[in-house]
């Protein structure tokens, strides 16, 4: 994160993609048993990493990997960004600036 901040690199977290994978991990028929534990951790891990990156001063750009979640739900990314510590206006600006 330090290097990202120093170089001005933007982080596009795609929180909803990770949370979608974590939700699907609850379904024993969706992922193989070997994959399920890691899949269950990825959503919270991405959200936590986002919060740490924001607090560290890493530039954030809004984006979603909607190919793995329902189309039309991408605005929920804002909610997750705010829950992870980004002020609402900053979340909106990450998508509009």
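No value in this document is a laboratory result; all are computed from the given coordinates. Quantities reported herein were computed from a predicted structural model and do not represent experimental measurements. Glycine also receives a Cβ, built like all others from the backbone with ideal geometry; neighbour counts cover every protein chain displayed.
Some observations on this one:
- Some residue of segment 50-62 being closer than 13 Å to residue 17 by Cβ, touching a strand residue (DSSP E or B) at 6+ places or on another chain (Cβ under 8 Å) and touching a residue at least 12 places away in the same chain (Cβ under 8 Å): yes
- In segment 12-29, of all residues being within 15 Å of residue 80 (Cα to Cα) and not in a helix (DSSP H, G or I), the one that is farthest from the chain's Cα centre (by Cα) corresponds to 12.
- Boolean, residue 38 is surrounded by fewer than 14 Cβ atoms within 10 Å (Cβ to Cβ), over 9 Å from the mean Cα position of the chain (by Cα) and not in a helix (DSSP H, G or I): no
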